[in-house]
Every structure is written in C-alpha cells, then in structure tokens.
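K.L.:
One structure, as structure tokens, below. Some questions next.
What follows draws every value from the coordinates through simple rules; no lab data is involved. Note that the coordinates shown come from a computational prediction; the quantities given were computed from them, not determined experimentally. Counting neighbours? That spans all protein chains shown, and the Cβs are built from the backbone with ideal geometry, glycine included.
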C-alpha cells in the first residue's frame, strides 16, 4: 500500500461516506418516485434505483476495505497489510454500466426491436470495457496500465459515439418538453464517462504514492455520483415529463391509455 | 482446508460479493416489477423474487464463512482452521430449486389440476436431488462423491426430461408473443442446471487443492446467478408479455377482470 498522509486518508474516507449517503438517498428517491411516472417508464426508474442501490452496497464494502487497509494512530497513518480491494469498483461497474445504458434506452421508449438490439449491443460493449480495464487497474507498471487502458478505450469510444450520435437522431421523435433534458442527459453521459479513463491515467502522469491513491479514489467517487445519481435524477425528470406529455396523470384512470 | 493462492482467494471472494449484489438487485427488481404484471402472474413473480432473496441471504453467509476460513497477511493466504460451510449452498438449493420449478410452472398458467400435480412431483424430485448430492459434496473420497453424484442424477434427469418435453408440449397453448421467451427459458433451465453436476465433478477429474476449491466455488456461483437471476428476468419478461396478450394494462381497471 502507498503511504498516505492523514489529510489524504480522511479525504478519501469522507468521500466514501458521502457516496454511501448519496447512493442510498438516490435509491429511495427513485423507488418512491416510481409511482409518479406512467407504466411505460416504470421499468426505467426501477433500474435507475437498482443502479444506485448496487453502488450503495459497493461503497459500504469499499468504505470497510479502506478502513481495514490503514491504521490511524496519534495522527500517523500506517498500512495494516490488508490490501484495499480495487475489485469492488470493477464488480460494481460490470453490473451498473450496462444497466445505466439500459435505463437510458428504456426512457427513450424506442420500438421493442430497437430497444432489444441497442440494449444487447451496448450492454455487451460496456461489460467488455470494464473487463478490459481491470488488469490495468491492478497493475502498477505504467506500460501494462496503458495497454489495458487503450484496449478498454475501444468499446468505450464505440459506446460514447453510439450514444452521442444515436441519441441525437432519436431526440426529434421525443416530446418537445423532454428534448432539453434528453440533450442534457446525452451530454452528462459523455462528460461523466470521460472522467473514468482520465482518473485511470492519474498514476501514469505524475501522481505518485498517496497523492495518486487519493486522486484515483476521490476521482472515481465523484464520477460515480455524477454518472449514477445525478444522471438518474435526469432520467427520472425525463420520465415525468414524457408521462405528462403522454397525458398521464398519476393515480388516475389516465393510466388506462398507457401501454405496458 | 486446501492451500490456495492469493489470486484464488480474491477471485472467490469477489465472486461471492458479486453474487450478493446480483441477487439483492434482482430481488428488488422482481418485487417492484410485480406491480407491472397481471394478477394471474403475480405469484410467479413473488416466488421469483423470493428465490433471489433466499440466495442473497445465503451468499452473505457464504461470503462470511469464506472470510472466516482464511487469513490473508502480507500477501499470504493461510487456513484459519475454521471450516468453510458447504451446507449453506445445499440448504439454499433445498429451498430455491423446488421454488424455481414452481415459478416456471406458475408462469405457464396450466390448469389448476396440472399445476398442482406438476408442482408436487417436480418439487419433491428437486428436494430429493439436493439431499442426495450433499453426502457427496462433503466427501473428499472420489468413490463416495461419484456414488452420491450418480444417485442425485436420477431425479435430476427426470426433472430435466420432464421440463424439456413437458414444456415443449405446452408451448403451443401459449400466446404467440411469449413463445420465443418460453423456449429460451426451457433451454436456459437445461443448460444452467447442467452446470451443477459438472462443477460437482471438478475435484474428481484432476482439479486439485486450491484450483479445485476455486473452480467449484466460482462455478456454483455463476450457475446460481444464471439459474436464479437471469432465469428470473426471463420469467418476468414472459409474465409481462402474457399479461399484455391477456389485454392487461398495468394500473387500470383491467385488473378487475384478472384472476388472482
């Protein structure tokens, strides 16, 4: 383990606790808000809440692993010899990144055939991207890190291009009131996703020791909060606007006109 | 306990944590999604969620048992002397395997008489299969393992044959839109179930020590995720399609016409 200062230790510690609070709160918001969208969007909101629930679980594990890795005594931080488990993030991403793409596809409400085709393609690419990143993440050799980074960037770029171009095309078929939000969701996806390959590169571009560890952990935590919780709120708002545009009024017979 | 390497220890550890996340997420998905199917299919979805909930509970126990069995210090894994508890899996299967068969029978929506007959027969055979497998699982003598494996294969083969042939026959009475999914569920059942007797055999066909332990634990975990969570998503999709084919629209007075 790298030697880190007390300030660095506490910054990461507090960032992890913050993430648990945000992901937990977001999960409850989505699960309760699910009753306020039309049936056609309920699955999208269910999945939005499941993504933050899975992230909350993993941040509880990550937090415990961080605490077990270091001992703080008289203002000094020492490594305990217990390895901090980087795998929790990758296990989380393996599940949540395909689900994030699926929630975006579901809220767009494309044709069933297009939904299935896009969901399968993007889901597989997302899983491939995460699997290719992991061997680099656990290596401390810059050459190895760059190799796996470059390999993971191939599916990454295909997904981002597909979302950016594909979503732009389908925006015209969306109700007027939701177009601005969908455009924002499109940009937020691209910007928040770009955090990850940048954070990955920190240890290869001059951050060393405790600074590298801190930058990577805080960087990934911020990226996760934006890509899952903030993005989820946008998905929820899109679902609410589209429900209203479809003539849906929560809890009324207006529901009668909705497709499942 | 077998001596295992740090990589093997971590692979199993992370596979168990992954299973907890998957089973927990799947449970929430099924319990929320239950409101989106017609009343006739609600019990099938309730049971689908209960299966993954029971599995999530057991993976929490299995994870803790794994952590208690080994101590990791300075990159070395040593056995603590606390036995890893294989029984959690068999207790889980004793409950979940009959329930998995019942969720499949319920979503087919056969006649009440056929549902009761098939549920009783397959449920008893499934419990018998699990009970016969356990004495072999806890033995390290190949001859003993083979004996109980062969005995457990008898109910196993009857169930698989019954499902494969029985389901094929009843597919014709299912709505057009759900037939492809039911055919997929039929194949997924057979393929995912065949994982178990194959994983059981690993220690008898050359995998030894840490490699055998790792192959068995990761193998069973993958099989459980496919047979319970992935299979559950298929059951849910079948229930949604059949609800739509029955003219059900979620959240409307259409529910009035549905049987519970």
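K.L.:
Return A:151, B:104 ranked ascending by Cβ neighbour count within 10 Å, so the fewest neighbours appear first.
P.N.:
On the way: A:151 17, B:104 25.
Ascending number of Cβ neighbours within 10 Å: A:151, B:104.
K.L.:
Between the helical axis of A:112-137 and the dominant principal axis of chain A, each derived from Cα atoms, what acute angle in degrees is found, rounded to the nearest 10?
P.N.:
Once rounded, one gets 0 degrees.
K.L.:
Arrange A:162, B:92, A:224 by Cβ neighbour counts within 10 Å, fewest through most, would you?
P.N.:
Lowest count first: A:162, B:92, A:224.
K.L.:
Now, a different point. Order of B:131, B:216, A:130 from fewest to most other C-beta atoms within 10 Å?
P.N.:
So the residues, fewest neighbours to most, are B:131, B:216, A:130.
K.L.:
Something else: Quick check: Cα centre of region A:170-201 to Cα centre of region A:60-88, how many Å?
P.N.:
Taking the Cα centre of region A:60-88 as reference, the centre of region A:170-201 is 35 Å away.
K.L.:
Need one word for the protein assembly as shown: rounded, prolate or oblate. Basis is the Cα gyration tensor (sqrt eigenvalues a ≥ b ≥ c); a/c below 1.5 gives rounded, then a/b vs b/c decides.
P.N.:
oblate
K.L.:
Next question, about the same structure. For region A:6-259, what's the radius of gyration and Dmax over Cα atoms, in angstrom?
P.N.:
Spelled out, the Cα radius of gyration and Dmax of region A:6-259 are 19.7, 66 Å.
K.L.:
If contacts are Cα pairs under 8 angstrom and at least 6 residues apart, what is the relative contact order of region B:6-259 in percent?
P.N.:
Value for region B:6-259: 26 percent.
K.L.:
Cα axis of helix B:231-245 to longest principal axis of chain B: angle in degrees, 0 to 90, nearest 10?
P.N.:
Roughly 10 degrees between the two axes.
K.L.:
Per-residue ellipticity at 222 nm for chain A, helices alone: DSSP H runs ≥ 4 residues times -39500 (n - 2.57), over residue total, nearest 500 deg cm²/dmol?
P.N.:
Only helices count here, giving -26500 deg cm²/dmol.
K.L.:
Which of the three applies to region B:1-136, rounded, prolate or oblate, going by the alpha-carbon gyration tensor with a ≥ b ≥ c and a/c under 1.5 meaning rounded?
P.N.:
Details: a/c = 4.38, a/b = 1.92, b/c = 2.28.
Taking the square roots of the gyration eigenvalues as a ≥ b ≥ c, region B:1-136 is oblate.
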